[in-house]
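The values are calculated or read from the model by the stated rules, or taken from the named source; none is laboratory data. What you see is a predicted model, and the numbers here were worked out from it, not measured in a lab. Reconstructed Cβ throughout: ideal geometry from the backbone, glycine too, with neighbour counts over all protein chains shown.
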Amino acid sequence: MALDEEMRVAIVGAGGYGRVALDVLLAGGLGDRVLGFYDDTHAAISERVRGYPVLGDVEMLKSMLSVEPVHVVVAITDNTARLRVANSLRGLGGQFFTAVHPLAYVSGVASIEGGCVVAAGVAVHPDTAVGSHCFLGSGSVVDRDAEVGAGSWISAGAVVGSGARVGARAVLGPNSSVGRKASVGADAEVAALRHVAREGA
């Protein structure tokens, strides 16, 4: 996703996911566009993360949104909390940036909604639909015609098979897989290495 000349990016969450999001933005050459982090635990964490300032809590970001346009990446690991914060920012006119690592492959006819983080080595194949505020971990694959619901967490090495459906806020553990045309529901958790097959297959 391209940014216009003046647009800046803020990251919500200065923990592990926030550092991953920053890394993807830096890899994409967007380091000069990153304002810094907002985190509700800002008083208890360091003032800077990899040289970028921790600017305050989410309420301070909300105040800033009323003054100037900022694109936001909500990098909170908990799926439900991530969507809750994103929805509150959206209600104030917040816009969301999708950070895609330059070493990821995203088909030109795939759809990835705002606020996602796509790590190195990800492959998103044609005619897929990835909802907003998802994380696609390193080496994960979303195969053709698959759907991934909003707020899902696709861990490193996980595979969403062709035509498969992953419900909103689901978690696929490392190296797990959802088979061709199989489905997992909203809020489902698929353990590491587990394979979910299509019913009746």
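Yes/no matrix, rows are residues, columns are (1) over 21 Å from residue 86 (Cα atoms); (2) in contact with a strand residue (DSSP E or B) (Cβ under 7 Å, 6 or more places away or on another chain):
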position	(1), (2)
124	yes, yes
135	no, yes
146	yes, yes
156	yes, no
163	yes, no
176	yes, yes
183	yes, yes
190	yes, yes
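Residue by residue through region 181-201, note down the ones that are buried (at least 16 other Cβ atoms within 10 Å of the Cβ) and not polar (S, T, N, Q). Give the derivation first.
Taking region 181-201 and keeping what is buried (at least 16 other Cβ atoms within 10 Å of the Cβ), we get 181-184, 188, 190, 196.
Within region 181-201, 181, 182, 184, 188, 190, 196 qualify.
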In the list 74, 117, which residue meets the criterion of being within 12 Å of the chain's Cα centre (by Cα), in contact (Cβ under 8 Å) with a residue 60 or more places away in the chain and in the same structural domain as residue 146 (by TED's automatic domain parsing)?
117
Quick one: residue 82 ticks every box in (1) in a loop (DSSP other than H, G, I, E, B); (2) in contact (Cβ under 8 Å) with a residue 40 or more places away in the chain; (3) closer than 25 Å to residue 143 by Cα bar one, so which box is it?
(1)
Exactly one of 149, 157 is at positive phi and either surrounded by fewer than 19 Cβ atoms within 10 Å (Cβ to Cβ) or small (Gly, Ala, Ser) (or both), and that one is 157
Condition test on residue 108, is it free of Cβ contacts under 8 Å to residues at least 40 places away in the same chain, exposed (fewer than 14 other Cβ atoms within 10 Å of the Cβ) and within 24 Å of residue 131 (Cβ to Cβ)?
yes
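Each row is one residue, and each column tells you yes or no for (1) modelled with pLDDT under 95; (2) under 13 Å from residue 56 (Cβ atoms).
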{"site": "1", "(1), (2)": "yes, no"}
{"site": "7", "(1), (2)": "yes, no"}
{"site": "12", "(1), (2)": "no, yes"}
{"site": "27", "(1), (2)": "no, no"}
{"site": "35", "(1), (2)": "no, yes"}
{"site": "39", "(1), (2)": "no, yes"}
{"site": "42", "(1), (2)": "yes, yes"}
Pairs, please: C-beta under 7 Å, at least 6 apart or cross-chain, first residue at negative phi and part of a loop (DSSP other than H, G, I, E, B) and in region 2-30, second aromatic (Phe, Trp, Tyr) and modelled with pLDDT of 95 or more?
14/37
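May I ask you to verify whether residue 68 is assigned to a loop (DSSP other than H, G, I, E, B), farther than 25 Å from residue 141 by Cα and in the same structural domain as residue 18 (by TED's automatic domain parsing)?
So residue 68 passes the test.
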Test set (1) under 24 Å from residue 196 (Cβ atoms); (2) free of Cβ contacts under 8 Å to residues at least 60 places away in the same chain; (3) of a type in the set (S, T, N, Q) - residue 88 fails condition number:
(1)
